[in-house]
């Protein structure tokens, strides 16, 4: 469903049947077949607008008045994708000013920011214009209202990818993370941008610093910890245990009494990897003990609801060590 | 959704809710059966564009509750037949609308439940679906070119249900596209390459891999943990970090974990408690969250999740296709499901 509040018809509404410029059109009622199996008591306005809409489709009429009619129909139901499609056909046939269409869409998106059809229509129009100059601002406004709006993020990523608009995106992401450090969408966008520019060893090192600094501010931040793991695994061939700085960062947090489940989960991954790489049996045993103790602490104290997962992690390590 | 025109005369005594659990079984049956009757017309008009899916949600929920005979099979099948586009072969949500992959899957799912695939032109459906595959393996939702992992799932689900996966699409490329939407940071999937991980889309991608027998491509432990992390202290599940819990994510997270053989990693009791708290005790039906208004979409996903949790009195549901397991067995389909470790 859309977010729209579509029932706000103004008092000056003039029915199509009373408009002189529509006198030549015979409205076409919904044809429900021989027996009306879906008996609907439409509201009169809704019925009328869609009866006229069906009539113009039947006559394949593509005119300025038909375009206006689709706007009325879309105000009633912005999720009706058939109306959007016909609107595009009209715009093409008339050679309409598509910049006007962008202005119109800006308004519709403001009221229907979680509607698939509206965003898709926007994309098609931008593609027809081959001009993305308004897309970053449009999505920025939508994200100011809801900083995790999936549709807005999708549209933004599409525009950035299709028209190579990466240049200032990291600045934008920085600002969003500064405003809401737990915004997973913004952290995801950060990865999206850096992957494009290339995660070189220098970039990885910088990102590690950036993320550790953010974790110092909010320790129990799932998005930041996932990001740190993703960056490390990217730089270190799928492991998280080779960066000395990160290891001491995590151990210091732990020593200072932080017991965020994300920190503990990270330490478990780290010690588990070290343990499995360890050739010295005594050292391996010390590391495996650390893993077992942390898993036990998780399942008993810090993450009781997922205790079966932590038992599984401990069991898996035991199994792997016995196979070694 | 309005099922009143599909419903048979009813004699249900809703006060006789003799369940020993806290599930308001008969109220939900009545809710689905009567859906639309007491709602204002506006709401009904507004949902016309997804009517086919609405019927699928209601039919499936009723079948899981072993009450499928409350709806009239013939009039539903007639309705579906009228929604098949004679040109493209795809299905529209309702007469007068354009066909789309989403409603094509809903139509095929309903027909499978009624064992009525012979009522429509299945070859035309195969042509429609395979015609929407792109060179990179992805799928359009319709002729307008929107790409999304949802449509990859719909495509292979439709073809699997029709028994036509072989030789109709390029499965290898389709798998490659879905895997390109896997995020390195959390092991989850988004709608497109680079898009944020989202539990609903993870269900589509895990379901897709289950149907293409490709679950070995997943990092099960990493994705499994991220999915478990969706469980909040209320017992409910959210779809992304820092979002509110929602009954529909009970289905999407739980079915993904079930396919991956990791259902036991979350607390079933706490989730059950959350889902039951989202029932409307007066009207029947489930809402997205405790205290909100119910709808048919959340009603199916609430019932479906309870079935996955083995709730008494509900038929088993298939986690990949969100349809009664006996229907999947009747079709001889075996979506891949990993064993519990």
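The values are calculated or read from the model by the stated rules, or taken from the named source; none is laboratory data. Given the structure is predicted, the values throughout are model-derived calculations rather than measurements. Because the Cβ atoms are built from the backbone with ideal geometry, glycine has one as well, and the counts that use them run over all protein chains shown.
One line per residue, one yes/no per condition, for (1) surrounded by fewer than 18 Cβ atoms within 10 Å (Cβ to Cβ); (2) under 21 Å from residue B:153 (Cβ atoms):
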site	(1), (2)
B:97	no, no
B:100	no, yes
B:106	no, yes
B:116	yes, no
B:125	no, yes
B:128	no, yes
B:132	no, yes
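Would you say residue B:115 is at pLDDT below 95 and over 20 Å from residue B:177 (Cα atoms)?
On the way: at pLDDT below 95: no; over 20 Å from residue B:177 (Cα atoms): yes.
It is false that residue B:115 is at pLDDT below 95 and over 20 Å from residue B:177 (Cα atoms).
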Just checking, how many residues over the range A:60-85 are more than 15 Å from residue A:104 (Cα to Cα) and in a loop (DSSP other than H, G, I, E, B)?
7
Show me the helices (runs of 4 or more DSSP H) found entirely inside the range B:1-69 where at least 1 residues are within 11 Å of chain A (Cβ to nearest Cβ) and at pLDDT below 60.
B:41-46
Test for residue A:26: is it modelled with pLDDT of 90 or more and under 15 Å from residue A:86 (Cβ atoms)
no
If residue B:300 satisfies all but one of (1) in a helix (DSSP H, G or I); (2) farther than 19 Å from residue B:105 by Cα; (3) touching a residue at least 60 places away in the same chain (Cβ under 8 Å), what's the number of the condition it fails?
(2)
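Being within 14 Å of chain B (Cβ to nearest Cβ), more than 20 Å from residue B:49 (Cβ to Cβ) and either modelled with pLDDT under 90 or under 35 Å from the mean Cα position of the chain (by Cα) (or both) is the requirement here; does residue A:35 meet it? Lay out the reasoning, then the answer.
Values: within 14 Å of chain B (Cβ to nearest Cβ): yes; more than 20 Å from residue B:49 (Cβ to Cβ): yes; either modelled with pLDDT under 90 or under 35 Å from the mean Cα position of the chain (by Cα) (or both): yes.
Considered against the rule, which asks whether it is within 14 Å of chain B (Cβ to nearest Cβ), more than 20 Å from residue B:49 (Cβ to Cβ) and either modelled with pLDDT under 90 or under 35 Å from the mean Cα position of the chain (by Cα) (or both), residue A:35 comes out as yes.
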Please go through the range B:303-341 and give me each residue that is more than 29 Å from residue B:288 (Cβ to Cβ) and assigned to a strand (DSSP E or B), ordered by number.
none
Determine which single condition residue B:150 fails, assuming it passes every other condition in (1) within 30 Å of residue A:264 (Cβ to Cβ); (2) within 14 Å of another protein chain (Cβ to nearest Cβ); (3) not in a loop (DSSP other than H, G, I, E, B).
(1)
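Quick test for you: out of B:285, B:313, pick the one residue that is touching a strand residue (DSSP E or B) at 6+ places or on another chain (Cβ under 9 Å) and touching a residue at least 40 places away in the same chain (Cβ under 8 Å). Outline the logic, then answer.
Numbers: B:313 fails: touching a strand residue (DSSP E or B) at 6+ places or on another chain (Cβ under 9 Å).
Result: B:285 is the single residue among B:285, B:313 that is touching a strand residue (DSSP E or B) at 6+ places or on another chain (Cβ under 9 Å) and touching a residue at least 40 places away in the same chain (Cβ under 8 Å).
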Within the range B:70-84, track down each residue that is within 10 Å of chain A (Cβ to nearest Cβ) and outside any helix (DSSP H, G or I).
B:72
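Given the options A:81, A:150, A:86, name the one that is within 25 Å of residue A:183 (Cβ to Cβ) and either buried (at least 17 other Cβ atoms within 10 Å of the Cβ) or at pLDDT 95 or above (or both).
The unique qualifying residue is A:150.
Filter the range B:203-241 for residues that are in contact with a strand residue (DSSP E or B) (Cβ under 7 Å, 6 or more places away or on another chain) and at the interface with another protein chain (Cβ under 9 Å from one of its Cβ atoms) and give the result. Can you show your working first?
Let us first name the residues in the range B:203-241 that are in contact with a strand residue (DSSP E or B) (Cβ under 7 Å, 6 or more places away or on another chain), namely B:205, B:230-231, B:237.
Within the range B:203-241, just B:231 meets the criteria.
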Residue B:274 vs (1) out of contact with any helix residue (DSSP H, G or I) (no Cβ under 7 Å at 6 or more places or on another chain); (2) within 14 Å of chain A (Cβ to nearest Cβ); (3) on the phi > 0 side of the Ramachandran plot: all pass except (3)
Which condition does residue B:200 not pass, out of (1) closer than 30 Å to residue B:111 by Cα; (2) free of Cβ contacts under 8 Å to residues at least 40 places away in the same chain, if it passes all the others?
(2)
Please determine whether any residue of the range A:133-142 is touching a residue at least 24 places away in the same chain (Cβ under 8 Å), within 21 Å of residue B:241 (Cβ to Cβ), under 18 Å from the mean Cα position of the chain (by Cα) and within 12 Å of another protein chain (Cβ to nearest Cβ).
no
All helices (runs of 4 or more DSSP H) inside the range A:226-321 with 3 or more residues being more than 22 Å from residue B:267 (Cα to Cα) and within 33 Å of the chain's Cα centre (by Cα)
A:244-255, A:261-277
Selection from the range A:143-155 of residues that are within 11 Å of the chain's Cα centre (by Cα) and part of a helix (DSSP H, G or I)
A:143, A:150, A:151, A:152, A:153, A:154, A:155
Considering every residue within the range A:179-193, establish whether at least one is surrounded by fewer than 17 Cβ atoms within 10 Å (Cβ to Cβ), out of contact with any helix residue (DSSP H, G or I) (no Cβ under 7 Å at 6 or more places or on another chain), more than 11 Å from chain B (Cβ to nearest Cβ) and at pLDDT 95 or above.
yes
